[in-house]
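To start, the structure under review is shown below, and the notes come after it.
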Amino acid sequence: MSNIKISSTNKTTKIKKKNKHNNYFSELKKDILRDKYLYILIIPCLLFYFFFSYKPLYGLQIAFKDYSLFKGIEGSPWVGLDNFITFFNSPYVFRLIKNTLLINLYGLVIGFPIPIILALLFNEVRNKKFKRTAQTISYLPHFVSTVIVAGLVVNFLAPSGLINNIIAALGGNRTYFLTQPEYFRGIFTGMNVWKESGFGAVIYIAALASIDPQLYEAAVVDGANRWKQTLHVTIPGILPTITIMLILRIGKMLSVGFESVLLLQQPATYETSDVISTYVYRLAIEKGTYDVAAAVDLFNAIIALILVFAANKISKKFSETSLW
């Protein structure tokens, strides 16, 4: 008798799931027919991601093959994890991972808070004309080419550049900063902070605009000054946005701006400037070892995925904010 009841319950559950499944597709069909023009507009975006993000995933298999340009992907023999072992046996592996993590840590500790502070400062400005002008000036460097920005940095820090001219005028000695390994991380971080902080602040400014003004009014009634309003109303109001941006930033801990590093580094500074992305570039473009380069890049992507999942889980555990 009990077996019959269990069987009946399972059958009912399956029917419910099937009906729910059918209802979902039925609603989706109605939605597509109702907003067909909006869905048509999405097609170019979907095609872009298909051809440039998902289709290239087919080529990742060369990370597990002894790849030859003449044999092609299908003709190249399978070697399993040999390319990964080659990378981990490389004398540069610890230097690459160390430099990548340290440069990202510099960006996280110094570069991540600055857009938040900038947004909070803009939020306190009452003169609208000055506020708009300052915002425009702050995020304008984002639209300047990385090549131009790096060129400016190289010229400013050259032995005959502006910085050395000022040092010489003050009685100091001229130094070619870009050939000194100890200066590279600071220079790279400073350049990126200047270039991206203003644009990064736009996200937090948008989050600040969504805070209910009544919260500030209630804080004023309670006797809160501007500092306490910022501490107890403004920062909690943008905290979910800060958390999401932090999770995404942690996911990029093994990814450094390749163009910026390549344009600023020199063989003399490889000790502190050589990162995973530049190493992959040298393996693939200069040496032609595409299989090992693909293995290194795949390792980088897997670690980034793990970091995102870990950061999201920690955020979900200790707060109500997460990516999913």
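Go through region 117-203 and name the trypsin sites (Lys or Arg not before Pro) that are in a DSSP coil and have 10 or fewer other Cβ atoms within 10 Å of their Cβ.
Of the trypsin sites (Lys or Arg not before Pro), the ones in loops of region 117-203 whose Cβ has at most 10 other Cβ atoms within 10 Å are ARG126.
When only DSSP loop residues count, what trypsin sites (Lys or Arg not before Pro) in region 238-324 have their Cβ near at most 15 other Cβ atoms within 10 Å?
LYS252, LYS287
Chymotrypsin sites (Phe, Trp or Tyr not before Pro), restricted to region 20-63: which are DSSP loop and have at most 12 other Cβ atoms within 10 Å?
Sparse-neighbourhood loop chymotrypsin sites (Phe, Trp or Tyr not before Pro): none present.
Could you grab the relative contact order for region 214-324? Cα pairs under 8 Å, six or more apart, rounded to a whole percent.
29 percent
Can you work out ³J(HN,Hα) from phi for every residue in region 90-102, in order, using Karplus 6.51 cos²θ - 1.76 cosθ + 1.60 and θ = phi - 60°, giving whole Hz and x for Gly and Pro?
Those phi angles translate into 5, x, 9, 4, 5, 5, 5, 5, 4, 5, 4, 5, 5 Hz.
Tell me which aspartates and glutamates have Cα within less than 14 Å of LYS65's Cα, excluding those fewer than 8 residues away on the same chain?
GLU74, ASP82, ASP291
Using only the alpha-carbon atoms, what does region 31-97 span along each of its principal axes? Please give whole angstrom values in decreasing order.
Sorted largest first, the three principal extents are 59, 33, 17 Å.
So how do 133-145, 70-82 stack up, highest first, on mean other-Cβ count within 10 Å?
Per-residue mean Cβ counts within 10 Å order the peptides as 133-145, 70-82.
Looking only at ILE114, ILE163, ILE276, which one moves most when the chain is put into a Gaussian network model with springs between Cα atoms under 10 Å?
Ranking ILE114, ILE163, ILE276 by mean-square fluctuation puts ILE163 first.
Could you point to the residue in ALA268, VAL220, MET253 farthest towards the positive end of region 207-287's charge dipole, with +1 and -1 charges on the Cβ of Lys/Arg and Asp/Glu respectively?
Result: ALA268, furthest along the dipole toward the positive end.
What number, in percent, do you get for the relative contact order of the chain if the mean sequence gap of Cα pairs under 8 Å and at least 6 apart is divided by its residue count?
Numbers: 289 pairs, mean separation 76.7, N = 324.
Relative contact order, the chain: 24 percent.
Do me a favour and compute the ellipsoid semi-axes for region 225-270 from its Cα gyration tensor, root of five times each eigenvalue, largest one first, whole Å.
Listed largest to smallest, the semi-axes of region 225-270 are 38, 14, 7 Å.
So if I average 1/r over every pair of distinct C-alpha atoms in region 155-211 and take the inverse, what Kirkwood radius in Å does that give?
In region 155-211 this quantity evaluates to 13.6 Å.
What value does region 239-307 have for Rg/Rh, both radii from Cα atoms and Rh as Kirkwood defines it?
Numbers: Rg = 14.2 Å, Rh = 13.4 Å.
That ratio is 1.07, to two decimals.
Holding the Cα-Cα limit at 29 Å, pick out from LYS128/LYS228; LYS131/LYS316; LYS128/LYS195; LYS252/LYS317; LYS195/LYS252 the pairs that are longer than that.
LYS131/LYS316, as the Cα separations exceed 29 Å there.
In Å and on Cα atoms, what radius of gyration and Dmax does region 95-161 show?
Radius of gyration, then largest Cα-Cα span, for region 95-161: 16.3, 49 Å.
HN-Hα J couplings of region 288-293 from phi, Karplus 6.51/-1.76/1.60, θ = phi - 60°, integer Hz, Gly and Pro as x?
These are the phi-based 3J(HN,Hα) values: x, 8, 5, 5, 5, 4 Hz.
From the residues ILE97, ALA301, PHE87, which one has its Cα farthest along the dipole of the chain in the positive direction, the dipole being from +1 and -1 charges on Cβ of Lys/Arg and Asp/Glu about the Cα centre?
ALA301
Could you pull out every residue, at least 5 positions away or on a different chain, whose amide H is within less than 5 Å of the one on LYS65? Hs are placed 1.01 Å off N in the peptide plane, and Pro or chain starts have none.
For LYS65, whose amide H was placed from the backbone, the distant partners under 5 Å are VAL79.
Convex hull volume of the Cα atoms in region 190-277, per residue, in Å³?
That works out to 116 Å³ per residue.
Can you give the alpha-carbon Rg of region 124-193 over 2.2 N^0.38 Å, where N counts its residues? Mind dumping the intermediate values first?
Numbers: Rg = 16.0 Å, N = 70, 2.2 N^0.38 = 11.1 Å.
Compactness ratio reported: 1.45.
Can you tell me what percent of all Cα-Cα pairs in region 136-254 are more than 23 Å apart? Walk me through the intermediate numbers first.
On the way: 3800 of 7021 pairs.
So the pairs more than 23 Å apart make up 54 percent of the total in region 136-254.
Given the alpha-carbon gyration tensor of the chain, what are the semi-axes of its equivalent ellipsoid in whole angstrom, ordered largest first, with each equal to the square root of 5 times an eigenvalue?
Numbers: eigenvalues 357, 273, 76 Å².
Computed over the chain, the values are 42, 37, 20 Å.
What size of dipole, in debye to the nearest 20, comes out for region 199-288 about its Cα centre when the only charges are +1 on Lys and Arg C-beta atoms and -1 on Asp and Glu C-beta atoms?
Here the size comes out at about 100 debye.
To the nearest 0.05, what FRET efficiency results for ARG95 and GLU217 with a Förster distance of 56 Å applied to their C-beta separation?
Step by step, r from the Cβ atoms, then E = 0.50.
Values in this text are rule-based calculations from the coordinates and carry no lab data. Keep in mind it's a predicted model, so treat the numbers as computed, not measured. Backbone-built Cβ (ideal geometry, glycine too); neighbour counts: all protein chains shown.
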